[in-house]
């Protein structure tokens with residue numbers, strides 16, 4: 001079965017089954033249902049903070065590029081997509097439901 005492609009215009013948001021806290025610069029996610037903890041590095045925490053249901057993957061990638069002064073846009077875009085895909089697979093993130101005024105959004 002072929003994997004569905006992630007588009008740069010898709011908007012990730014945090015799953016309601018997740019709790020998180022940042023203490024002394026370290027972000028920890030807790031999957032409430034599965035009772036699993038996950039620690040995030042600084043870049044992962046930045047992506048997590050930005051995945052609030054208001055920004056597309058493209059917007060998140062641009063912000064990460066600017067914040068971490070990285071010149072390889074292609075590598076950062078790939079890393080953000082892989083990380084978001086992993087969080088989706090773990091149930092930590094979900095795709096925001098489509099806006100009826102934006103037919104390009106997943107429903």
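The values are calculated or read from the model by the stated rules, or taken from the named source; none is laboratory data. Quantities reported herein were computed from a predicted structural model and do not represent experimental measurements. With ideal geometry, Cβ positions are generated from the backbone for all residues, glycine too; neighbour counts draw on all protein chains shown.
Restricting attention to the stretch 40-61, the residues being at pLDDT below 95, surrounded by fewer than 17 Cβ atoms within 10 Å (Cβ to Cβ) and in contact with a helix residue (DSSP H, G or I) (Cβ under 9 Å, 6 or more places away or on another chain) number 2. Taken over the stretch 1-21, the criterion of being in a loop (DSSP other than H, G, I, E, B) and modelled with pLDDT of 90 or more is satisfied by 9, 10, 11, 15, 16, 17.
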